[in-house]
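One structure below.
We did not get these values from a lab; they are worked out from the coordinates using the rules stated. Note that the coordinates shown come from a computational prediction; the quantities given were computed from them, not determined experimentally. All Cβ positions, glycine included, derive from the backbone under ideal geometry; neighbour counts span all protein chains shown.
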Amino acid sequence: MSPARAIVTGASSGIGLACAEALAKSGRPLLLAARRRDRLEELAGRLRSEHDVDVAFDELDVRDRPAVDAWAEARADLLAESRVLVNNAGLARGLDALPAGSVDDWDEMLDTNVKGLLNVTRRVVPHFVTAGAGDVVNIGSVAGRWVYPKGAVYCASKHAERAINEGLRLDLNGTGVRVATVDPGMVETEFSLVRFHGDDAKADSVYDGMTPLSAEDVAATVAWIVDRPAHVNVAELVLLPTDQASPTVVHRRK
Ligand code: NDP
Ligand code: 8X3
């Protein structure tokens, strides 16, 4: 019997894209979502031909609650057969001392990382509860465990993700649904490019002289979590590059 369908938000890039690849490799049909439709279309075509799995995809902004509701209605059949939700869509914007922060950056981070995650979760989880099984894997961050200078609002969004992760697990106890957070340190994706509003040089310098995690490292962890036996819930997992001990303690070679 082939494994059940997985939903991945933010599948057009980085960790989400790598999760889609890892889950397709293990034979899972997919439902992918992100705002950049062209990227999803290209990825879906590649995964279908490389792994012979069904891949559906939708352009979706997780911040837009009416759009998420309409998506959940339109895709009710696929949601009902899904047993994995990777809540990955997210971003940091800016790296500024709090009083100098941009309110637009704050709104974007909180609306995406907190409310976007809630918008999708509230529409998908009831299907898992009905089925008596399912995995919600939230992509948190070390920023949900430590606060670092100039990162207050991004850290707040990831602390909220961690609270939601814990609260959801409490509220779903007894339903058979598992809830996990994977909290990575530095992962080289488009994350820093987005954080620095497209400044390539600034983004590249984040990883100067150190070896970051790859998106595939995180995806392999997600794939491992959902493949645990049904009675095992990996509740929280912190994944650091060997060169990183905390958000601010990073070993860099000359
Ligand atoms: P990327 O920028 O490479 O990918 C982010 C993904 O999120 C993209 O697919 C983007 O798609 C999607 N996304 C952003 N906003 C929205 C939205 N409003 N609606 C739908 N999709 C959206 O970064 P990462 O892969 O690194 O980031 C993925 C997750 O990992 C984030 O939650 C991030 O906070 C977390 N993380 C990243 C770390 C890192 O160092 N890279 C470390 C720890 C956690 P599109 O633009 O097409 O909508
Ligand atoms: C991304 C890692 O350290 O930039 O969540 O916050 S960090």
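Distances between every pair of Cα atoms in the range 123-254, grouped in 10 Å steps from 0 to the bin holding the largest one, split as 12, 37, 32, 15, 4, 0 percent. If you look at the Cα atoms of the range 70-167, you get an Rg and a Dmax of 15.3, 47 Å. When its C-alpha radius of gyration is set against 2.2 N^0.38 Å (N residues), the chain gives a value of 0.97.
Site pair residue 131 and residue 253 shows an inter-label distance of 4.4 nm when each label is modelled 7 Å from Cα along Cα→Cβ.
The chymotrypsin sites (Phe, Trp or Tyr not before Pro) of the range 181-254 include none that meets both conditions, a loop assignment by DSSP and at most 12 other Cβ atoms within 10 Å of the site Cβ. Among the DSSP helices (H) of the chain, none spans at least 24 angstrom by Cα along its long axis with an average Kyte-Doolittle hydropathy of 0.5 or more; this is a geometric and hydropathy rule only.
The relative contact order of the chain comes to 19 percent, based on Cα pairs under 8 Å that sit 6 or more residues apart.
Of the residues 181, 112, 211, the one that moves most in a GNM of the chain with alpha-carbon contacts below 10 Å is 211. Inter-label distance, residue 81 to residue 98: 4.9 nm, where each label sits 7 Å from its Cα along the C-beta direction.
What percentage of all Cα-Cα pairs in the range 1-126 are separated by more than 19 Å? For the range 1-126, the share of Cα pairs beyond 19 Å comes to 48 percent. Could you tally the net charge around residue 162, taking each other residue with its Cβ under 10 Å from the Cβ of residue 162, Lys/Arg +1 and Asp/Glu -1? So the surrounding residues net to -2.
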